[in-house]
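Visitor: Here's a structure for you.
The numbers here are math on the coordinates, done by the rules we state, and not lab data. Worth saying up front: this structure is predicted, and the values here are computed from it rather than measured. Note that each Cβ is placed from the backbone with ideal geometry, even for glycine, and that neighbours are counted across all protein chains shown.
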Amino acid sequence: MQDYYLILVIILGILAIADLMVGVSNDAVNFLNSAIGSKVVSFKTLMIIASLGVAFGAMSSSGMMEVARKGIFNPEMFIFSEIMIIFLAVMITDILLLDVFNSYGLPTSTTVSIVFELLGAAVIISLIKISNIDDSVIDLANYINTSKATQIILGIFSSCSIFYWGSSTIYFEIDFVF
């Protein structure tokens, strides 16, 4: 049984490296998209600024990822193998999702994708566990940290709506001027 966990840890390590590459490229694409299109500075200057921005983001994002990791589900309700399955599903989904979005040039947030991947994987594993022990779906609230997950999701949706409202106001003002 120990070999099984060792293999899973090695697979998770390989997936983490792949996810890091896809995530950093996603952040770089989000960071560079408008700057390259508008050609405000030279490509070399842009690459220096972008690399500093990605490095700063990587060094300062641990707090947000801790909120996402510790806030979505209650790890004490799962056994080690179930948590390994949750994180394996999150890693595979994150790599596929970000790679598809990057391939088509669509913007996405690595943090938002991680939050919803953790929530989805934890809910599915919780429902499987609940069905195996013949509990009711109401007990799902014991497995998922509903108050913290709701707080994070409302924060994501409110920031999206504020951004949308702000950008539509800017577009309206630009159209009004011209």
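Visitor: For the range 100-140, which chymotrypsin sites (Phe, Trp or Tyr not before Pro) are in a loop by DSSP, counting at most 11 other Cβ atoms within 10 Å?
Guide: Working: sites: 101, 104, 116; in loops: 104.
Listed in order of number, the matching sites are 104.
Visitor: Right, something else. Which number do you get for Rg(Cα) / (2.2 N^0.38 Å) in the range 4-156? Write down the numbers at each step before the final one.
Guide: Details: Rg = 18.1 Å, N = 153, 2.2 N^0.38 = 14.9 Å.
Normalised Rg, Cα atoms only: 1.22.
Visitor: I've got another one for you. Long-range amide H contacts for residue 144: which residues qualify at under 5 Å (H placed 1.01 Å from N, peptide plane, sequence gap of 5 or more or a different chain)?
Guide: Result for residue 144 returns 74.
Visitor: I would also like to ask the following. Can you compute the modelled spin-label distance between residue 4 and residue 140, with each label point 7 Å from Cα toward Cβ, in nm?
Guide: In this crude label model, residue 4 to residue 140 measures out at 2.7 nm.
Visitor: Please give the peptides 148-156, 38-46 ranked by average Cβ packing (other Cβ atoms within 10 Å per residue), highest first, as a rough proxy for protection. If you can, show how the numbers build up before the last one.
Guide: Values: 148-156: 15.0, 38-46: 10.6.
Ranked by mean Cβ neighbours within 10 Å, highest first: 148-156, 38-46.
Visitor: Which FRET efficiency value, to the nearest 0.05, do you get for residue 79 and residue 25 by plugging their Cβ-Cβ distance into 1/(1 + (r/R0)^6) with R0 = 35 Å?
Guide: Efficiency, rounded to the nearest 0.05: 0.50.
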